[in-house]
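The values are calculated or read from the model by the stated rules, or taken from the named source; none is laboratory data. Predicted model only: the values in this text are computed from it and were never measured. A quick note on method: Cβ atoms are made from the backbone with ideal geometry, for glycine too, and the neighbour counts reach across all protein chains shown. Quick note on the areas: whole protein, heavy atoms, side chains included, nothing else; ligands and nucleic acids left out. Shrake-Rupley method; radii C 1.70, N 1.55, O 1.52, S 1.80 Å.
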Amino acid sequence: MKNIYIKNKTFWDTIKEFVPGIILGIIVAIFSHYGAKYSNHLIGYKSLISSILLGIVIGIFVKNIFGIKSVFNKGLDFNVKKILQIGIVILGIRLSIFEIFSLGIYSLPIIILCILSGLLAGYILTKLLSLPNKLGVLIAVGTSICGASAIVAIAPGIKAKQEEIAYAITVITIFGIIAMLFYPFLSNFLELGEKSAGLFLGTSIHETAQVTGAGFIYDETFGTVNVGKYAVTVKLVRNLSMIVVIPLMTILYQRESSSQKNYINIKQISKLIPLFIIGFFIMSLLRTSGDFIVNYSDIISDDNWQTFTKQLTSISKFMLVVAMASVGLTTDIKSIKSLGLKPFLVGIIVASIVGICSLLSIITIN
């Protein structure tokens, strides 16, 4: 009985470590939601201020002006990773499986071009600026595919040091946040349609969280409804490229450096498929099945089905606001000062090349 009590106590102690950060993220999200709603009403413009953008800005302001105590760290990290992923999974209810495959096939050539341009630019700049090879590979892969996830995935294969991993993640996070805040407005300025805007945001911004934020900032600011879901879908397709790119980059690095071979096996490759992508597809299958049942039977009424999907969409959106507010609450602007000039240059040039490649590809196709 004593052992059970100790185990239970340890379990609840672990849970309590996450609670402060989770609650803080929710509070900022609620304030952002109503703050944006009230501000837009006051201005007389329905969607001038995005709740997601406001959440990020408030989070960054609180983090860098007042500071965030370490007691909030675990919960905020949980929001950025798990709450975001759950929100993206639920977001799958907005797309049928046919829309996903159609958008995936349409976006695949642009995704491949952007990945290749990012990897090639990273390789050339690493040589020109005499940047350490491992750091150059980490930055190039993180910028080209999916930010920190790709960096963490390739790090063991090239035997990257912990400080190199942290350095690379810091570099790509900085430019990812800049792109998240700037690209939605650039897309609108260039008068890209909803599909093209979603394609641009999904292929040019690093992290899944940043793409999600950018897509819904666009929707909320410019009164559209599809850019967010298009951007997220394209990004998930782009994330799947890790299955090919990570093992390939590992092999190429090992050959060039003549290091001890440590090839990635099938089991390791299977781990490169994030579970939330599978969840997103399952929710999309649910949407497809529900639409079919509504259209060809009387089991579910169209009104009830629409209400159900709208409620799930609202839940998903709020979870994304919580995640984005937490991104702001964990963004330390001071970290920019700790970066050396060379990694900074590689990061901004590679990110810019990927963005330009994406835009030119979209304009050419259209």
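Give the range 116-139 a look and list any residue that's farther than 15 Å from GLU207 by Cβ and within 21 Å of the chain's Cα centre (by Cα), or say none. Scanning the range 116-139 gives LEU116, SER117, LEU119, GLY122, VAL137.
Every listed requirement among (1) surrounded by fewer than 23 Cβ atoms within 10 Å (Cβ to Cβ); (2) modelled with pLDDT under 85 is met by GLY147 save one, (1).
Please work out if SER51 is modelled with pLDDT under 90 and touching a His at 6+ places or on another chain (Cβ under 7 Å).
yes
Within the range 216-234, restricting attention to residues that are of a type in the set (Val, Ile, Thr) and not in a helix (DSSP H, G or I), the residue that is least open to solvent (accessible area, probe 1.4 Å) is THR224.
Only one of the numbered conditions (1) open to solvent by 20 Å² or more (accessible area, probe 1.4 Å); (2) closer than 30 Å to VAL171 by Cα; (3) at pLDDT 85 or above is violated by ILE251, and that is (3).
Quick check on the range 121-136. Is at least one of its residues under 28 Å from LYS195 (Cα atoms) and either in contact with a strand residue (DSSP E or B) (Cβ under 6 Å, 6 or more places away or on another chain) or open to solvent by 30 Å² or more (accessible area, probe 1.4 Å) (or both)?
Checked against the condition, which is being under 28 Å from LYS195 (Cα atoms) and either in contact with a strand residue (DSSP E or B) (Cβ under 6 Å, 6 or more places away or on another chain) or open to solvent by 30 Å² or more (accessible area, probe 1.4 Å) (or both), the range 121-136 yields no hits at all.
For the range 182-215, the set of residues classified as open to solvent by 10 Å² or more (accessible area, probe 1.4 Å), in a helix (DSSP H, G or I) and modelled with pLDDT of 90 or more consists of PHE182, TYR183, PHE185, LEU186, ASN188, PHE189, GLU194, LYS195, SER196, listed by residue number. Scan the range 305-324 for residues that are open to solvent by 20 Å² or more (accessible area, probe 1.4 Å), touching a residue at least 60 places away in the same chain (Cβ under 8 Å) and under 20 Å from LEU54 (Cβ atoms) and jot them down. THR313, ILE315, LYS317, PHE318, MET319, listed by residue number.
Of the numbered conditions (1) surrounded by fewer than 24 Cβ atoms within 10 Å (Cβ to Cβ); (2) touching a Lys or Arg at 6+ places or on another chain (Cβ under 9 Å); (3) closer than 30 Å to HIS33 by Cα, GLU164 satisfies every one except a single condition; which is it? Condition (3) is where GLU164 drops out. Here LEU76 meets the list (1) at pLDDT 90 or above; (2) in a loop (DSSP other than H, G, I, E, B) almost entirely, failing just condition (2).
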